[in-house]
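Engineer: The structure that follows is given in the form of structure tokens.
All of the numbers you see were taken from the coordinates with simple rules; none came from a lab. Computed from a predicted structure; not experimentally measured. Here the Cβ positions follow ideal geometry from the backbone for every residue, glycine too, while neighbour counts run over all protein chains shown.
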Ligand code: FES
Ligand SMILES: [Fe+2]
């Protein structure tokens, strides 16, 4: 329940364009990455985005807001209930499947990404936080560009 | 859109090429037709007519004249076929191709299309002595030679191929393969010059600079672009846009037009390198221009991403290199990758990114490369805009037919320049393109 709630709040922040709240869902330091399932299967480390601090996540938001040029868009995340996995290092582990629909300003809407979150969640503080969030996407192809976080 | 003459043209080209190869497709003399109906503007390379990005007949002609013509096309990294018996699927233009390392260690490439009924033979990397077609189980060795036809003699004396049918001498359409500094290239044409000649000495030296020691693949990703492949090919050679479109780059002084740097265009225009150094940056050019790229109060709160190493020892922080028609290699700080531009349709293009590091990278270096992937890729701080703008160009094409773009930065020539405020390499590409396409 706690995990589902955290996940629901996390995707709501992204879908409702509250990107500034996004780093606050993580511990500091943390690990956040977006990587294809294909690379994960082949034990290849590189994905599309990687961060190991809240500051790096905040930089991503700052860059998206102020530096990067991309067509106006938003996401709608659809997430499954969390599958809770055996804990490790005092962290709760869970897998949650997701679909991301991308909606462009001109009304075009298409399925942008499917995949799973592999999360390690710190429940020791007043609010649950992601210590690790691996976004493992199924589609090797990224349509046009990836700007907003998943 | 497809004009009835298109197939005839392409077939004529291919038959002519087959006849030149000693093939059996053409009866009579080879014909190379030059009747594509396109009038190039009188300004020459200073104008690119928009219809070249939009016409189906031109797209089909490019397959025959460019991708299946006298060009070297990047197939894979040599390290992606490490052992004898390894093979993988790739593309030359939009033509599916298999590249394989035979048991004797030699590399081979051939079309990924069964001789029987044309099924695709290979979908993912594999290892073995032969490749068999899933449809009716015809088999091929790793040079692409047909080795077996299932039920060739029939079953219980019934059915089977006619007695005069022989597997001997039947071969999947072959490419010539050549490697350079760990990169595997293939060509369908017999008259393509030797690979190193094709690259030219300057480009060859800049490839060697990056591929200085054994590499290790670190991951791959594909980016699907909603544009003609040449819009992206232009974008890569357009050093003019770098600090105007990619604001992250400029803000963090990774690349400024006032920096030391320049572009090198190969003699025939086909290949290029654009490079810059982070040193000797000057603010005044920019302040005068009041470019929107200048945003002084913008700072990174975690700078570890930018704390790389001068691993090549020459201070060059950016090197973007292209080889006509569809190969790209970049070094941006410590982010290293090759890209394959693969046309899918006249208005869709797939970009295959393969990142690598060196086999002797320590953990710290691995982390640096991991973080710097944030810079360059489908979601990269200094590259995501390219995905957007090529699409912006493509969307206006219906209105642009009959009109042409202006490519006059840095003059009218295709020569190397010690500035990046130039479109010299773009003109170089079109010089090479026109020569091969006969337009
Ligand atoms: S199509 Fe390949 S064996 Fe029939
Ligand atoms: Fe760019």
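Engineer: Working only within the stretch A:63-73, note down all residues that are surrounded by fewer than 21 Cβ atoms within 10 Å (Cβ to Cβ), outside any loop (DSSP other than H, G, I, E, B) and either under 14 Å from the mean Cα position of the chain (by Cα) or facing another protein chain (nearest Cβ under 7 Å) (or both).
Structural biologist: A:66
Engineer: On to the next question. Take the residues in the stretch A:87-126 that are without any contact (Cβ under 8 Å) to a residue 24 or more places away in the chain and in a loop (DSSP other than H, G, I, E, B), then tell me which one is farthest from the other protein chains (Cβ to nearest Cβ).
Structural biologist: A:126
Results for (1) surrounded by 13 or more Cβ atoms within 10 Å (Cβ to Cβ); (2) within 16 Å of ligand 1 (Cβ to nearest atom), shown as yes or no for each residue.
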| residue | (1), (2) |
| --- | --- |
| B:92 | yes, no |
| B:109 | yes, no |
| B:113 | yes, yes |
| B:120 | yes, yes |
| B:151 | no, yes |
| B:156 | no, no |
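Engineer: Any residue that is more than 13 Å from chain B (Cβ to nearest Cβ) and either without any contact (Cβ under 8 Å) to a residue 60 or more places away in the chain or surrounded by fewer than 15 Cβ atoms within 10 Å (Cβ to Cβ) (or both) - is there at least one of those in the stretch A:36-47? Working first, answer last.
Structural biologist: Within the stretch A:36-47, the subset more than 13 Å from chain B (Cβ to nearest Cβ) is none.
Taking every residue of the stretch A:36-47 in turn, none turns out to be more than 13 Å from chain B (Cβ to nearest Cβ) and either without any contact (Cβ under 8 Å) to a residue 60 or more places away in the chain or surrounded by fewer than 15 Cβ atoms within 10 Å (Cβ to Cβ) (or both).
Engineer: Run down B:36, B:66, B:48, B:58 and say which single residue is buried (at least 19 other Cβ atoms within 10 Å of the Cβ) and either within 16 Å of ligand 2 (Cβ to nearest atom) or not in a helix (DSSP H, G or I) (or both). Even if it seems obvious, please write down each step before you answer.
Structural biologist: Working: B:36 fails: buried (at least 19 other Cβ atoms within 10 Å of the Cβ); B:66 fails: either within 16 Å of ligand 2 (Cβ to nearest atom) or not in a helix (DSSP H, G or I) (or both); B:58 fails: either within 16 Å of ligand 2 (Cβ to nearest atom) or not in a helix (DSSP H, G or I) (or both).
One residue alone meets the criteria, B:48.
Engineer: Sort out which residues of the stretch A:1-20 are exposed (fewer than 15 other Cβ atoms within 10 Å of the Cβ) and touching a helix residue (DSSP H, G or I) at 6+ places or on another chain (Cβ under 7 Å), and write them in order of number.
Structural biologist: Passing the criteria: only A:20.
Engineer: Also, quick follow-up: For the stretch B:353-372, what are the residues that are under 16 Å from residue A:146 (Cβ atoms) and away from ligand 2 (no atom under 16 Å from the Cβ)? Talk me through it step by step, then tell me what you get.
Structural biologist: First pass over the stretch B:353-372, keeping only residues under 16 Å from residue A:146 (Cβ atoms): B:353, B:355.
Passing the criteria: only B:355.
Engineer: Ok, one more. Kindly indicate whether residue B:145 is within 16 Å of ligand 1 (Cβ to nearest atom) and closer than 21 Å to residue B:436 by Cβ. Break it down into steps so the answer makes sense when it comes.
Structural biologist: Details: within 16 Å of ligand 1 (Cβ to nearest atom): yes; closer than 21 Å to residue B:436 by Cβ: no.
Criteria not met by residue B:145.
Engineer: Let me ask you something else. Taking the condition within 10 Å of chain A (Cβ to nearest Cβ) and either in a strand (DSSP E or B) or in contact (Cβ under 8 Å) with a residue 24 or more places away in the chain (or both), does residue B:402 pass?
Structural biologist: Details: within 10 Å of chain A (Cβ to nearest Cβ): no; either in a strand (DSSP E or B) or in contact (Cβ under 8 Å) with a residue 24 or more places away in the chain (or both): yes.
Here the answer is no, as residue B:402 does not meet what is asked.
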